[in-house]
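Taking it in order: structure first as structure tokens, then the write-up.
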Amino acid sequence: MKPQSSVFFIAVLIFLVDLSVEYSEHSFGGRTHSNQDDHIAFLGEKMAKEFDKLSPQESRRRLRMLVPRIDINKDGFVEEAELEIWVRHKMQKWTVDEDVDAIFRDLDMNNNDKVTWKEYMTRTFGFTEEDMHIKWERSNLEKYVLFDKKKWRYSDQDKDAMLNRQEYEYFHHPKEHEIMLPYIAVEILDRYDKDQDGRLSLDEYLAYIDMPTFNTLYITDFNEKYDLDHDGFLNLKEMEEWRRPKNFNKALGEAQHLIEYADMNKDGKLTADEFVTSHEIFAGSYVTQFGQTYHDEF
């Protein structure tokens, strides 16, 4: 390498390192974010490592392919709630993809990427709902069928009477998805609302927890954290907040941060083009960017 080339190479290197430092850390809501933290929050650890090895061009291409998976209602935009669901899913440590994928493929008897209630009943219980009362022993399973049918209704977000892969994940792991909080609240109310007044009293709340030794602590939580209107009861909305896992708020904060950064026209939602334009915060790699620049220059 000629001396002039060496000097130029060092200058480019210093410039790119400065650029990496400048953009690799940024603030949102009083908290410092790094691009690597955002990559992991958006992609999950495994996928983030895969993207780190890609060229910028391939990273952008694959990022664009992810957008339809995040866009739950398929309107061409990713809204805050959709991005929050995606980020929260990526924050999960349990390996949901493997078991849900296998079960979903088994249930989808005609391989159309949808599971009907009839397919679910046939695979799970061995008979259809219409045939449930033909044999007396099947009647003993009716409460389980009704339990699953209610969960099915809440999971069926597009109301087509079938579950796609994402909806089946809601059905299979309802407690892990914010979109299923209304179902969780209704299920608790159905089981513990003994006086059938449509709300949970303090006694009914304590019966659900069933840890008398710590009642003093849980009573304080009931009064100060969950009974937001201070009427002595938990309504359905208050119950949803009570049962909301802590990492939902973290996922919401990350979703808000990503949208604020990438929302070029400030309409509160992201297009596929906006994802790609701001790919460095979603899936970019300064290592590969530097490598590409070095290749282009030399």
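The values are calculated or read from the model by the stated rules, or taken from the named source; none is laboratory data. Owing to the predicted nature of the structure, the values given are computational and were not obtained by experimental measurement. Every residue, glycine as well, gets a Cβ built from its backbone with ideal geometry; the counts of neighbours run over all protein chains shown. The area values use the complete protein model at the heavy-atom level, side chains included, leaving out ligands, DNA and RNA. Shrake-Rupley method; radii C 1.70, N 1.55, O 1.52, S 1.80 Å.
Key figures for this structure:
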quantity	calculated
Close pairs (8 angstrom Cβ cut-off, 6 or more residues apart or separate chains): closer than 18 Å to F233 by Cβ and of a type in the set (G, A, S) in the range 168-190, open to solvent by less than 30 Å² (accessible area, probe 1.4 Å) and assigned to a helix (DSSP H, G or I) anywhere	A185/M239; A185/E240
Residues of the range 135-148 classified as closer than 18 Å to P174 by Cα and open to solvent by less than 70 Å² (accessible area, probe 1.4 Å), total	2
Criterion: over 30 Å from A41 (Cβ atoms), at pLDDT 90 or above and of a type in the set (K, R) - qualifying residue of K135, K150	K150
Scope the range 14-73; condition β-branched (V, I, T) and modelled with pLDDT under 85; matching residues	I14, V17, V21, T32, I40
Yes/no for N215 being polar (S, T, N, Q), modelled with pLDDT under 95 and within 20 Å of H89 (Cβ to Cβ)	no
Inter-residue pairs, beta-carbon under 6 Å, first closer than 18 Å to K175 by Cβ and in the range 223-244, second outside any helix (DSSP H, G or I) and open to solvent by 70 Å² or more (accessible area, probe 1.4 Å), 6+ apart	E238/L228
Residues of the range 137-189 satisfying the condition of being of a type in the set (S, T, N, Q) and part of a helix (DSSP H, G or I)	S139, S155, Q166
Failed item, numbered, when A102 is tested on (1) within 30 Å of Y144 (Cα to Cα); (2) among the hydrophobic types (A, V, I, L, M, F, W, C); (3) open to solvent by 60 Å² or more (accessible area, probe 1.4 Å)	(3)
Residue within the range 234-249 that is touching a Leu at 6+ places or on another chain (Cβ under 6 Å), part of a strand (DSSP E or B) and surrounded by 15 or more Cβ atoms within 10 Å (Cβ to Cβ) present	yes
Number of positions in the range 69-88 that are under 20 Å from Y261 (Cα atoms), open to solvent by 50 Å² or more (accessible area, probe 1.4 Å) and assigned to a helix (DSSP H, G or I)	2
All positions within the range 190-214 that are in contact with a helix residue (DSSP H, G or I) (Cβ under 7 Å, 6 or more places away or on another chain) and assigned to a helix (DSSP H, G or I)	Y192, L202, E204, Y205, L206, A207, Y208, I209
Which listed residue is hydrophobic (A, V, I, L, M, F, W, C), over 18 Å from R69 (Cβ atoms) and surrounded by 18 or more Cβ atoms within 10 Å (Cβ to Cβ), from M132, M121	M121
Residues of the range 112-147 satisfying the condition of being among the aromatic types (F, W, Y) and in contact with an Asp or Glu (Cβ under 8 Å, 6 or more places away or on another chain)	W117, Y120
Residue check for L217: within 19 Å of I85 (Cα to Cα), outside any loop (DSSP other than H, G, I, E, B) and open to solvent by 20 Å² or more (accessible area, probe 1.4 Å)	no
